[in-house]
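Each remark here refers to the structure printed beneath this line.
No value in this document is a laboratory result; all are computed from the given coordinates. The structure presented is a predicted model; accordingly, all values stated were derived computationally and were not measured. All Cβ positions, glycine included, derive from the backbone under ideal geometry; neighbour counts span all protein chains shown.
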Amino acid sequence: MVKITCFKCHWSWSLSSEEVKTIFDALTPEDNYYAVGCPKCRRVNKVTRKQLQQALPRPAAEPDTPESEVDEAAPPEQNSEEAAPEQES
Ligand SMILES: [Zn+2]
């Protein structure tokens with residue numbers, strides 16, 4: 001939940017966690033804030049990305065993704081030792 005106080009009329013209201021999540025998901029990486037209109041005077045107030053981030057529901061822990069083992073085919077051993085034919089004397 002984010003509590004917002006309008007800088008113009010000092011009306012305060014809050015955004016629910018769900019609203020925050022929706023807003024945050026809609027932010028582009030370039031957006032450093034979200035512009036929210038005051039419900040009372042319609043002045044645009046800025047909610048910073050950080051404020052939104054802090055109000056987000058706890059993010060799910062990232063699952064551990066072990067690096068997949070690379071199955072590199074080992075080059076076949078070169079067996080160049082040719083059995084020398086035994087010389088019969
Ligand atoms: Zn206002």
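What to note about this one:
- Take 43-53, 26-36, 9-19 and order them by the average number of nearby Cβ atoms within 10 Å per residue, most first; the result is 43-53, 9-19, 26-36.
- Each listed q (0.20 Å⁻¹) maps to a log10 I(q)/I(0) for the chain, found by the Debye formula over equal Cα scatterers with no solvent: -0.98.
- Helical runs (DSSP H, four residues minimum) scored at -39500 (n - 2.57) apiece and divided by the length of the chain put the mean residue ellipticity at 222 nm at -5500 deg cm²/dmol.
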